[in-house]
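Student: Sharing a structure below in C-alpha cells format, with a few things to ask.
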Amino acid sequence: MSEEQIESCLNAVAQAEKSLLEAKTILLKAKSGLGFQRACVEAFDKSMPTFPDSYSELLQISDAGQSWHVKPRRFLSTKDFSEVLRIVKSYGGRYVSAGKESYFQVPKKTN
C-alpha cells in the first residue's frame, strides 16, 4: 500500500468513527427521554420543526425544498390541530388548506 492509500484509509476510518459517535449520541439522547425525532433533528438539521413526542404518530414531516411540509397521518382533533398550528406558527409557518392534501408549511431557516 502506498502512503496515499494508507492516508485515505485512515481518513475513512476517522469519518466512520465520527458517524458512529453521532449515532451513539442520538441514541443516548433518545433513551434519556429527548425523543428520537428531536435527537435526530438536534444532530443533523436544526431547521426541521420539532413537536412533542405525543405527536410523532400523528404527523409526517417531509422536505419540500425551501420549506418543510407537516402532514397529519390521520384526522386531527380540534385540540391537536390547534396545538400543531400553534407550534407551526412559532416557526413562522402556516396552514395550507387543500382538502385531503392539506398540510402545514414551515419555512426553512437560513443561517
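Student: Kindly indicate whether any position in segment 38-60 is within 14 Å of VAL106 (Cα to Cα), buried (at least 16 other Cβ atoms within 10 Å of the Cβ), modelled with pLDDT of 85 or more and within 11 Å of the chain's Cα centre (by Cα).
Tutor: Scanning segment 38-60, I find no residue that is within 14 Å of VAL106 (Cα to Cα), buried (at least 16 other Cβ atoms within 10 Å of the Cβ), modelled with pLDDT of 85 or more and within 11 Å of the chain's Cα centre (by Cα), so the answer is no.
Student: How many of the residues making up segment 55-71 are closer than 14 Å to VAL88 by Cα and either of a type in the set (A, V, I, L, M, F, W, C) or in contact (Cβ under 8 Å) with a residue 24 or more places away in the chain (or both)?
Tutor: 8
The values are calculated or read from the model by the stated rules, or taken from the named source; none is laboratory data. If you're wondering where the values come from, they're calculated on a predicted model, not measured in any experiment. Cβ: placed from backbone, ideal geometry, glycine included. Neighbour counts: every protein chain shown.
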